[in-house]
Amino acid sequence: MPQQLRVERSLEQAERSTGQPLSTKYLNLKHELFKQANYWAGAFPGGNDHGPGHIERVLEKLDQLVGGNPARQRLLRPYELFLTMLSILYHDIGILRAREDHAGISSVYVEEEKKNTYLVDPRDRDIISAAVVSHSSSKDIALETERFSDEELIGNQSVRPRVIAALVRLADELDEDFRRAETAVQEKLDLPEASVFYWQFCQRVRGIRPDLG
(Lines give C-alpha, C1' and ligand atoms only; values in the text may rest on other atoms or scores of the structure.)
Protein backbone atom coordinates (compact mmCIF):
# COMPACT_ATOMS: atom_id res chain seq x y z
CA MET A 1 0.00 0.00 0.00
CA PRO A 2 1.62 3.29 -1.11
CA GLN A 3 2.18 5.87 1.62
CA GLN A 4 -0.43 8.62 1.68
CA LEU A 5 0.76 11.68 -0.20
CA ARG A 6 0.68 15.18 1.22
CA VAL A 7 -1.66 16.29 -1.56
CA GLU A 8 -4.04 13.50 -0.53
CA ARG A 9 -3.95 14.71 3.06
CA SER A 10 -4.61 18.22 1.78
CA LEU A 11 -7.75 16.99 0.03
CA GLU A 12 -8.90 15.35 3.26
CA GLN A 13 -8.38 18.62 5.14
CA ALA A 14 -10.24 20.55 2.44
CA GLU A 15 -13.14 18.10 2.65
CA ARG A 16 -13.38 18.57 6.41
CA SER A 17 -13.19 22.36 6.19
CA THR A 18 -15.57 22.88 3.24
CA GLY A 19 -17.95 19.95 3.60
CA GLN A 20 -17.42 19.07 -0.08
CA PRO A 21 -16.61 15.38 -0.74
CA LEU A 22 -13.33 16.15 -2.55
CA SER A 23 -11.23 13.39 -0.99
CA THR A 24 -14.12 10.91 -1.08
CA LYS A 25 -14.68 11.45 -4.81
CA TYR A 26 -10.96 11.24 -5.56
CA LEU A 27 -10.50 7.97 -3.63
CA ASN A 28 -13.61 6.36 -5.15
CA LEU A 29 -12.55 7.29 -8.69
CA LYS A 30 -9.01 6.05 -8.04
CA HIS A 31 -10.38 2.70 -6.84
CA GLU A 32 -12.65 2.33 -9.89
CA LEU A 33 -10.01 3.29 -12.45
CA PHE A 34 -7.32 1.11 -10.90
CA LYS A 35 -9.57 -1.92 -11.34
CA GLN A 36 -9.34 -1.26 -15.11
CA ALA A 37 -5.77 -0.05 -15.20
CA ASN A 38 -4.07 -3.44 -15.44
CA TYR A 39 -5.27 -3.51 -19.05
CA TRP A 40 -4.11 -0.02 -19.95
CA ALA A 41 -0.90 -1.05 -21.71
CA GLY A 42 -2.51 -3.93 -23.58
CA ALA A 43 -3.54 -1.96 -26.63
CA PHE A 44 -0.03 -1.44 -27.96
CA PRO A 45 2.85 -3.97 -28.09
CA GLY A 46 5.92 -3.13 -26.09
CA GLY A 47 4.29 -0.33 -24.15
CA ASN A 48 6.02 0.78 -20.96
CA ASP A 49 4.13 1.38 -17.73
CA HIS A 50 0.91 3.38 -18.09
CA GLY A 51 -0.91 1.55 -15.30
CA PRO A 52 -1.39 2.06 -11.55
CA GLY A 53 2.35 2.30 -10.82
CA HIS A 54 2.75 5.13 -13.32
CA ILE A 55 -0.31 6.98 -12.05
CA GLU A 56 0.88 6.69 -8.45
CA ARG A 57 4.25 8.13 -9.45
CA VAL A 58 2.67 11.02 -11.38
CA LEU A 59 0.68 11.84 -8.24
CA GLU A 60 3.95 11.59 -6.32
CA LYS A 61 5.56 14.08 -8.73
CA LEU A 62 2.62 16.45 -8.25
CA ASP A 63 3.19 16.08 -4.51
CA GLN A 64 6.84 17.07 -4.98
CA LEU A 65 5.90 20.04 -7.17
CA VAL A 66 3.33 21.62 -4.86
CA GLY A 67 4.49 20.11 -1.54
CA GLY A 68 2.97 20.38 1.93
CA ASN A 69 -0.36 22.14 1.96
CA PRO A 70 -0.61 23.93 -1.42
CA ALA A 71 -3.68 25.92 -0.32
CA ARG A 72 -1.88 27.27 2.72
CA GLN A 73 1.14 28.15 0.56
CA ARG A 74 -1.23 29.85 -1.92
CA LEU A 75 0.09 27.71 -4.77
CA LEU A 76 -3.21 26.00 -5.53
CA ARG A 77 -6.76 26.38 -4.32
CA PRO A 78 -8.29 23.18 -2.90
CA TYR A 79 -10.65 22.76 -5.86
CA GLU A 80 -7.78 23.22 -8.32
CA LEU A 81 -5.84 20.50 -6.50
CA PHE A 82 -8.92 18.25 -6.68
CA LEU A 83 -9.33 18.77 -10.46
CA THR A 84 -5.59 18.27 -11.05
CA MET A 85 -5.61 14.95 -9.18
CA LEU A 86 -8.71 13.72 -11.01
CA SER A 87 -7.09 14.68 -14.33
CA ILE A 88 -4.00 12.64 -13.42
CA LEU A 89 -6.18 9.62 -12.65
CA TYR A 90 -7.79 9.88 -16.10
CA HIS A 91 -4.84 11.03 -18.21
CA ASP A 92 -3.79 7.66 -19.71
CA ILE A 93 -7.10 5.80 -19.85
CA GLY A 94 -7.06 6.15 -23.66
CA ILE A 95 -4.32 3.50 -23.71
CA LEU A 96 -7.22 1.02 -23.51
CA ARG A 97 -7.86 1.78 -27.18
CA ALA A 98 -4.48 2.73 -28.69
CA ARG A 99 -1.07 4.26 -28.01
CA GLU A 100 -1.30 6.83 -30.80
CA ASP A 101 -3.15 9.96 -29.67
CA HIS A 102 -4.05 8.28 -26.38
CA ALA A 103 -4.24 11.74 -24.78
CA GLY A 104 -7.03 12.71 -27.17
CA ILE A 105 -8.78 9.37 -26.67
CA SER A 106 -8.48 9.77 -22.90
CA SER A 107 -10.17 13.15 -23.21
CA VAL A 108 -13.02 11.56 -25.18
CA TYR A 109 -13.45 8.94 -22.44
CA VAL A 110 -13.72 11.71 -19.85
CA GLU A 111 -16.41 13.40 -21.95
CA GLU A 112 -18.26 10.08 -22.16
CA GLU A 113 -18.51 9.82 -18.37
CA LYS A 114 -21.97 11.37 -18.54
CA LYS A 115 -23.52 8.99 -16.01
CA ASN A 116 -20.71 9.33 -13.48
CA THR A 117 -22.09 12.55 -12.02
CA TYR A 118 -21.36 11.58 -8.42
CA LEU A 119 -17.61 11.34 -9.03
CA VAL A 120 -17.22 13.83 -11.90
CA ASP A 121 -19.53 16.85 -11.91
CA PRO A 122 -20.57 17.92 -15.44
CA ARG A 123 -19.17 21.40 -14.73
CA ASP A 124 -15.78 19.90 -13.86
CA ARG A 125 -15.65 17.59 -16.85
CA ASP A 126 -14.66 20.16 -19.46
CA ILE A 127 -11.68 21.36 -17.42
CA ILE A 128 -10.55 17.80 -16.66
CA SER A 129 -10.92 16.87 -20.34
CA ALA A 130 -8.76 19.83 -21.42
CA ALA A 131 -6.08 18.93 -18.86
CA VAL A 132 -6.11 15.28 -19.95
CA VAL A 133 -5.69 16.02 -23.66
CA SER A 134 -3.00 18.61 -22.82
CA HIS A 135 -0.77 16.10 -21.05
CA SER A 136 0.68 15.18 -24.43
CA SER A 137 3.65 17.37 -25.36
CA SER A 138 2.31 17.44 -28.92
CA LYS A 139 -0.62 19.55 -27.71
CA ASP A 140 -0.65 23.31 -27.14
CA ILE A 141 -2.03 23.99 -23.66
CA ALA A 142 -3.03 27.54 -24.59
CA LEU A 143 -4.96 26.23 -27.58
CA GLU A 144 -6.62 23.38 -25.68
CA THR A 145 -7.76 25.76 -22.92
CA GLU A 146 -8.61 28.82 -25.03
CA ARG A 147 -12.34 28.36 -24.49
CA PHE A 148 -11.86 29.08 -20.78
CA SER A 149 -11.27 32.36 -19.00
CA ASP A 150 -8.05 32.71 -17.01
CA GLU A 151 -10.23 31.97 -13.99
CA GLU A 152 -13.42 29.95 -14.17
CA LEU A 153 -16.14 29.94 -11.53
CA ILE A 154 -17.65 26.58 -10.54
CA GLY A 155 -20.26 27.43 -7.95
CA ASN A 156 -18.32 29.39 -5.36
CA GLN A 157 -14.98 27.93 -6.45
CA SER A 158 -12.52 29.78 -8.67
CA VAL A 159 -10.10 27.64 -10.71
CA ARG A 160 -7.41 28.28 -13.33
CA PRO A 161 -7.71 25.70 -16.14
CA ARG A 162 -4.29 26.49 -17.68
CA VAL A 163 -2.53 26.00 -14.35
CA ILE A 164 -4.28 22.64 -13.88
CA ALA A 165 -3.34 21.49 -17.39
CA ALA A 166 0.29 22.59 -16.99
CA LEU A 167 0.66 20.75 -13.67
CA VAL A 168 -0.75 17.54 -15.12
CA ARG A 169 1.68 17.65 -18.05
CA LEU A 170 4.71 18.51 -15.92
CA ALA A 171 3.99 15.84 -13.30
CA ASP A 172 3.54 13.25 -16.07
CA GLU A 173 6.76 14.27 -17.85
CA LEU A 174 8.72 13.79 -14.62
CA ASP A 175 7.92 10.06 -14.42
CA GLU A 176 10.68 8.80 -16.69
CA ASP A 177 12.92 6.72 -14.46
CA PHE A 178 13.71 2.98 -14.48
CA ARG A 179 10.43 2.08 -12.76
CA ARG A 180 8.54 2.70 -16.01
CA ALA A 181 10.55 0.01 -17.84
CA GLU A 182 11.53 -2.86 -15.56
CA THR A 183 14.38 -4.94 -17.04
CA ALA A 184 12.80 -8.19 -15.79
CA VAL A 185 9.61 -7.36 -17.69
CA GLN A 186 11.49 -6.38 -20.85
CA GLU A 187 13.26 -9.73 -20.90
CA LYS A 188 9.89 -11.48 -21.15
CA LEU A 189 8.63 -9.26 -23.98
CA ASP A 190 9.30 -9.36 -27.68
CA LEU A 191 9.73 -5.61 -27.91
CA PRO A 192 9.16 -3.92 -31.26
CA GLU A 193 12.27 -2.10 -32.42
CA ALA A 194 10.47 1.24 -32.09
CA SER A 195 9.89 0.61 -28.36
CA VAL A 196 13.45 -0.34 -27.39
CA PHE A 197 14.74 3.24 -27.21
CA TYR A 198 12.00 4.32 -24.78
CA TRP A 199 12.61 1.36 -22.48
CA GLN A 200 16.37 1.92 -22.50
CA PHE A 201 15.93 5.65 -21.91
CA CYS A 202 13.94 5.04 -18.73
CA GLN A 203 16.28 2.28 -17.56
CA ARG A 204 19.21 4.70 -17.62
CA VAL A 205 17.49 7.25 -15.38
CA ARG A 206 17.91 6.50 -11.67
CA GLY A 207 15.45 9.07 -10.46
CA ILE A 208 13.98 12.52 -11.06
CA ARG A 209 12.98 15.07 -8.47
CA PRO A 210 12.01 18.70 -9.17
CA ASP A 211 14.29 21.35 -7.67
CA LEU A 212 11.84 23.94 -6.40
CA GLY A 213 14.67 26.40 -5.82
| request: Between Glu32 and Leu143, with labels modelled 7 Å along Cα→Cβ, what's the label distance in nm to one decimal, could you check? | output: 3.2 nm
| Do the alpha carbons of any pairs in Lys30/Lys188; Lys25/Lys139; Lys35/Lys61 sit beyond 25 Å of each other, and which pairs? | Lys30/Lys188; Lys25/Lys139
| How would Glu151, Glu176 line up by accessible area, probe 1.4 Å, largest first? | Glu151, Glu176
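For Glu12 and Ala184, FRET efficiency with R0 = 35 Å and r from the beta-carbon atoms, rounded to 0.05?
On the way: r = 36 Å, r/R0 = 1.02.
My answer for the efficiency is 0.45.
The values are calculated or read from the model by the stated rules, or taken from the named source; none is laboratory data. Just so we're clear, the structure is a prediction, and the values are computed from it rather than from any experiment. Please note: Cβ atoms are built from the backbone with ideal geometry, for glycine as well, and neighbour counts cover all protein chains shown. Note: accessible area is taken over every heavy atom of the protein model, side chains too, but ligands, DNA and RNA are not part of it. Shrake-Rupley method; radii C 1.70, N 1.55, O 1.52, S 1.80 Å.
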